[in-house]
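Below is one structure, written out as structure tokens; comments come after it.
The values are calculated or read from the model by the stated rules, or taken from the named source; none is laboratory data. The structure displayed is predicted, hence computed values, not measured ones. Note that we place each Cβ from the backbone using ideal geometry, even for glycine, and neighbour counts take in every protein chain shown. Note: accessible area is taken over every heavy atom of the protein model, side chains too, but ligands, DNA and RNA are not part of it. Shrake-Rupley method; radii C 1.70, N 1.55, O 1.52, S 1.80 Å.
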Amino acid sequence: MWKTIEVDTSVGPVGAIISGVDLSEELDEEVVSEIHQAWLKHHIVFFRDQDLTPPQQAAFGELFGELDTYPFMKSVDSHPNVIPIIKEPETKINFGGAWHTDSSYKEVPPKATLLYAIEVPQNGGDTLFANATAAYQDLSDGMKSTFGEMKGVFTPKMVHGSGGSYDKKEMKKELGPSYGGNEEFAESEVEHPLMRTHGETGNKSIYCSKPHTHRIKGWSHEESHSIFSFLTKHLTQEKYVTQFKWEKGSLAMWDNRCVFHNALNDYPGERRHMHRVTIKGERPI
Ligand code: OGA
Ligand code: MN
């Protein structure tokens, strides 16, 4: 099926490892098209043994769409769309340490995130990825039709707002000086469907999440979160989840429209350093 790349799906139930490509080079159109097709099919593509500067990582991302910015973190000096994700040995909280899909509180959330490993702990620090399309498909018809029609109120406030889980002072210490800002946006709310339809494949996926969805429209927070707890538990069953072991030079590009992820925080005393790029998406429908 693939002419220019090798695609190995043995990594787990979602995602595929692509080999035979050096992402620092200029890629042929056919290679880019095959990576794009493999990405739509498997939801995440992983690459090993890459060597990328921030501008090179950004240039690879740009092959798939316009680059996005992240509201709560300053970029690295060498590129405005690359942000550092660093956990220092002495810190406790990690970035992305709960099941979520990226920036779903934005009016137009990014379709893709490209995370590249600069330095990884010797043990631990894996990322879990869950297939939100397969999990949606396995819901009962009753649940699909009831919640498929509903909207959720999405917001950054439960994580980044005042009193959120990324407590400002703590997190500045933990995530470093590049974290913070955008206080007003941190309290904002936007409506999106609880289940979204992928703009390119037309497939439906679970989209609401505990960190970013404050409530189902018209419901209380508590009522809503009992549903979100069920959906998260359902979505994160082993049969939908790939645990990715990072190596220095690994790059993962995931589809935020149909994949949830969770960064494991199991490497106290070790350092982990990643570079992150996001690509603009479409308004969720
Ligand atoms: C992210 C994120 C996961 C990780 O970059 O959006 O959630 O493993 N990171 O660092
Ligand atoms: Mn994330």
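Restricting attention to region 180-208, the residues that are under 10 Å from R257 (Cα atoms) and free of Cβ contacts under 8 Å to residues at least 24 places away in the same chain add up to 0.
If I filter region 147-160 for residues that are open to solvent by less than 20 Å² (accessible area, probe 1.4 Å), away from ligand 1 (no atom under 16 Å from the Cβ) and assigned to a loop (DSSP other than H, G, I, E, B), do I get at least one hit? Among the residues of region 147-160, at least one is open to solvent by less than 20 Å² (accessible area, probe 1.4 Å), away from ligand 1 (no atom under 16 Å from the Cβ) and assigned to a loop (DSSP other than H, G, I, E, B), which makes the answer yes. Tell me yes or no: at least one residue of region 171-194 is open to solvent by 20 Å² or more (accessible area, probe 1.4 Å) and aromatic (F, W, Y). Yes, the conditions are met somewhere in region 171-194. Within region 223-280, restricting attention to residues that are farther than 13 Å from T127 by Cα and small (G, A, S), the residue that is most open to solvent (accessible area, probe 1.4 Å) is S226.
Residues to consider are S209, S188; find the one that is in a loop (DSSP other than H, G, I, E, B), within 19 Å of M143 (Cα to Cα) and not charged (D, E, K, R).
Unique residue meeting the criteria: S209.
Against the test of being closer than 30 Å to I285 by Cβ, open to solvent by 40 Å² or more (accessible area, probe 1.4 Å) and not small (G, A, S), the options K106, K41, K111 yield a single qualifying residue, K41. Checked against the criteria, Y136 does not count as surrounded by 18 or more Cβ atoms within 10 Å (Cβ to Cβ), at pLDDT 95 or above and part of a strand (DSSP E or B). Scanning region 66-103 for residues that are among the hydroxyl-bearing types (S, T, Y), open to solvent by 20 Å² or more (accessible area, probe 1.4 Å) and near ligand 1 (Cβ under 9 Å from one of its atoms) yields one hit, Y70. Give me the pairs: first residue in region 222-242 and closer than 14 Å to M150 by Cβ, second residue among the charged types (D, E, K, R) and outside any loop (DSSP other than H, G, I, E, B), beta-carbon distance under 8 Å, and six or more apart or on different chains, which are they? From residues that are closer than 14 Å to M150 by Cβ, the pairs are E223/R215; S224/R215.
The set of residues from region 52-65 being outside any helix (DSSP H, G or I), open to solvent by less than 30 Å² (accessible area, probe 1.4 Å) and of a type in the set (A, V, I, L, M, F, W, C) comprises L52, F64. Considering region 223-280 alone, what residues qualify as being among the hydrophobic types (A, V, I, L, M, F, W, C) and within 20 Å of K106 (Cβ to Cβ)? The answer is F228, M253, W254, C258, V259, F260, A263, V277, I279.
Against the test of being at pLDDT 95 or above and within 21 Å of F147 (Cβ to Cβ), the options T127, T101, T113 yield a single qualifying residue, T101.
Within region 227-283, being of a type in the set (A, V, I, L, M, F, W, C), part of a strand (DSSP E or B) and in contact with a His (Cβ under 8 Å, 6 or more places away or on another chain) holds for W254, V259, F260. State which residue is nearest to W39 (Cα to Cα) when the search covers only region 5-19 and only residues that are open to solvent by 50 Å² or more (accessible area, probe 1.4 Å) and part of a loop (DSSP other than H, G, I, E, B). Top of the filtered list is T9.
A quick yes/no check of all residues on (1) out of contact with any Phe, Trp or Tyr (no Cβ under 7 Å at 6 or more places or on another chain); (2) more than 14 Å from ligand 2 (Cβ to nearest atom):
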residue	(1), (2)
Y240	yes, yes
K248	yes, yes
A252	no, no
R257	yes, no
L264	yes, no
E270	yes, yes
I285	yes, yes
